[in-house]
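Asker: Below is one structure. I have some questions about it.
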Amino acid sequence: MAAGALWGLVAALETHRGRDRAVRALSYGCQLAGAALPGPAGLPGGLLAASAQLSSCRTVLRLFDDLAMLRHSCSYGLGPEGEDALVRGLSVLCNVANQLYYPCEHLAWAADVGIVRASSRQWWARSTALWGCALLLGILRSLRILFQLRRKLSQHKCTSSPQSQQKLRAQVKAEVLSILMDTADLSNAIHWLPPGFLWAGRFPPWLVGLLGTISSLIGIYQASRGASSEAA
């Protein structure tokens, strides 16, 4: 069993998405630990520096994500006809926001390194705002799906099979976790927006690290559950 888990971890780290999840969790974990430990120098400072470098690594790797996102958006299109209209609309808007996020972030990165002459601060703010919009749309979509699932559970409580009810409960759990994950990320996204909007710029570093770590661990858990379901 331990060997299977080890090989599963190795297989995940060999994929771009799996490695990104690991780097993300490590980056936020380093920020949480570095901000929580006393003293700005020594180990705390090293952990914060490592967190910043890991975050920069993820930014560079996202330079190649545009086409993957475009393929996902095109494959989804306007959504399957049998799906709820509100869920389809929210999903399409979420895909649009995510698609626009990447070029904005690329321009911000290019301005930071001096490739283009532009204000990187403005492009970082735009990319963060688009990320926040995508997260908010994802939360609304999950809430809509959660409402539908709970209604199905109450309507078919006595008529559906135990296996069907178990499947619905698993879907409910997945949507609740998605809401928690997106809410944690949305809180950080608002924090990184220009000051003056809600709680922008007011989070201490340890809280940013904590929220990011929670979100990352939920994402890793969901990915592992999804891989287990596919294997079964």
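The values are calculated or read from the model by the stated rules, or taken from the named source; none is laboratory data. These numbers were taken from a predicted model, which means no experiment stands behind them. Positions of Cβ are backbone-derived with ideal geometry, glycine not excepted, and every protein chain shown enters the neighbour counts. Note: accessible area is taken over every heavy atom of the protein model, side chains too, but ligands, DNA and RNA are not part of it. Shrake-Rupley method; radii C 1.70, N 1.55, O 1.52, S 1.80 Å.
Asker: Criterion first (in a helix (DSSP H, G or I) and buried (at least 16 other Cβ atoms within 10 Å of the Cβ)) does CYS104 satisfy it?
Answerer: Working: in a helix (DSSP H, G or I): yes; buried (at least 16 other Cβ atoms within 10 Å of the Cβ): yes.
For CYS104, the condition - in a helix (DSSP H, G or I) and buried (at least 16 other Cβ atoms within 10 Å of the Cβ) - is met.
Asker: Just give me the residues in the stretch 115-130 being open to solvent by 60 Å² or more (accessible area, probe 1.4 Å) and either under 16 Å from ARG62 (Cα atoms) or in a helix (DSSP H, G or I) (or both), in sequence order. Give the steps one after another, and end with the answer.
Answerer: Going through the stretch 115-130, the residues open to solvent by 60 Å² or more (accessible area, probe 1.4 Å) turn out to be 115, 117, 121-124, 126.
Correct list: ARG121, GLN122, TRP123, TRP124, ARG126.
Asker: I would also like to ask the following. Mind listing just one residue for me: the one in the stretch 61-91 that is open to solvent by 60 Å² or more (accessible area, probe 1.4 Å) and among the hydrophobic types (A, V, I, L, M, F, W, C) and, of those, farthest from the chain's Cα centre (by Cα)?
Answerer: Among those that are open to solvent by 60 Å² or more (accessible area, probe 1.4 Å) and among the hydrophobic types (A, V, I, L, M, F, W, C), it is ALA85.
Asker: Return the only residue of ARG58, ARG21 being assigned to a helix (DSSP H, G or I), open to solvent by less than 70 Å² (accessible area, probe 1.4 Å) and basic (Lys, Arg). Lay out the reasoning, then the answer.
Answerer: Working: ARG21 fails: open to solvent by less than 70 Å² (accessible area, probe 1.4 Å).
Answer to the selection: ARG58.
Asker: Filter the stretch 101-141 down to the residues that are of a type in the set (Val, Ile, Thr) and closer than 14 Å to ILE190 by Cβ and list them by number. First the steps, then the outcome.
Answerer: As a first pass, look at the stretch 101-141 and keep what is of a type in the set (Val, Ile, Thr): 113, 115-116, 128, 139.
Within the stretch 101-141, THR128, ILE139 meet the criteria.
Asker: Among the residues of the stretch 202-214, are any farther than 17 Å from GLY29 by Cα, outside any helix (DSSP H, G or I) and open to solvent by 20 Å² or more (accessible area, probe 1.4 Å)? If you could, list the steps in order and put the result at the bottom.
Answerer: Going residue by residue through the stretch 202-214, those that are farther than 17 Å from GLY29 by Cα are 202.
Now restrict to residues that are outside any helix (DSSP H, G or I): 202.
In the following step, the residues that additionally are open to solvent by 20 Å² or more (accessible area, probe 1.4 Å) were identified as 202.
Looking for residues that are farther than 17 Å from GLY29 by Cα, outside any helix (DSSP H, G or I) and open to solvent by 20 Å² or more (accessible area, probe 1.4 Å), one finds at least one in the stretch 202-214, hence yes.
Asker: Continuing with the same structure: Quick one: ASP112 ticks every box in (1) within 23 Å of the chain's Cα centre (by Cα); (2) open to solvent by 40 Å² or more (accessible area, probe 1.4 Å) except a single one, so which number is it?
Answerer: ASP112 satisfies all of (1) within 23 Å of the chain's Cα centre (by Cα); (2) open to solvent by 40 Å² or more (accessible area, probe 1.4 Å) except (1).
Asker: Out of curiosity, is ALA11 open to solvent by 40 Å² or more (accessible area, probe 1.4 Å), in a helix (DSSP H, G or I) and among the hydrophobic types (A, V, I, L, M, F, W, C)? Steps first, please.
Answerer: Numbers: open to solvent by 40 Å² or more (accessible area, probe 1.4 Å): yes; in a helix (DSSP H, G or I): yes; among the hydrophobic types (A, V, I, L, M, F, W, C): yes.
Against the criterion (open to solvent by 40 Å² or more (accessible area, probe 1.4 Å), in a helix (DSSP H, G or I) and among the hydrophobic types (A, V, I, L, M, F, W, C)), ALA11 qualifies.
Asker: Quick check, is LEU211 among the aliphatic types (A, V, I, L, M), touching an Asp or Glu at 6+ places or on another chain (Cβ under 8 Å) and at pLDDT 95 or above? Talk me through it step by step, then tell me what you get.
Answerer: Details: among the aliphatic types (A, V, I, L, M): yes; touching an Asp or Glu at 6+ places or on another chain (Cβ under 8 Å): yes; at pLDDT 95 or above: yes.
For LEU211, the condition - among the aliphatic types (A, V, I, L, M), touching an Asp or Glu at 6+ places or on another chain (Cβ under 8 Å) and at pLDDT 95 or above - is met.
Asker: A further question follows. Go through the stretch 132-181 and count every residue that is of a type outside the set (S, T, N, Q) and closer than 21 Å to ASN95 by Cα.
Answerer: Summing the residues that are of a type outside the set (S, T, N, Q) and closer than 21 Å to ASN95 by Cα in the stretch 132-181 gives 21.
Asker: Mind checking whether some residue in the stretch 72-95 is more than 30 Å from ALA170 (Cα to Cα) and either in contact (Cβ under 8 Å) with a residue 60 or more places away in the chain or in contact with a Leu (Cβ under 6 Å, 6 or more places away or on another chain) (or both)? Give the derivation first.
Answerer: To start, the set of residues in the stretch 72-95 that are more than 30 Å from ALA170 (Cα to Cα) comprises none.
No: the stretch 72-95 contains no residue that is more than 30 Å from ALA170 (Cα to Cα) and either in contact (Cβ under 8 Å) with a residue 60 or more places away in the chain or in contact with a Leu (Cβ under 6 Å, 6 or more places away or on another chain) (or both).
Asker: Could you check, for the stretch 179-197, whether at least one of its residues is modelled with pLDDT under 95 and either among the aliphatic types (A, V, I, L, M) or in contact with a Ser or Thr (Cβ under 8 Å, 6 or more places away or on another chain) (or both)?
Answerer: no
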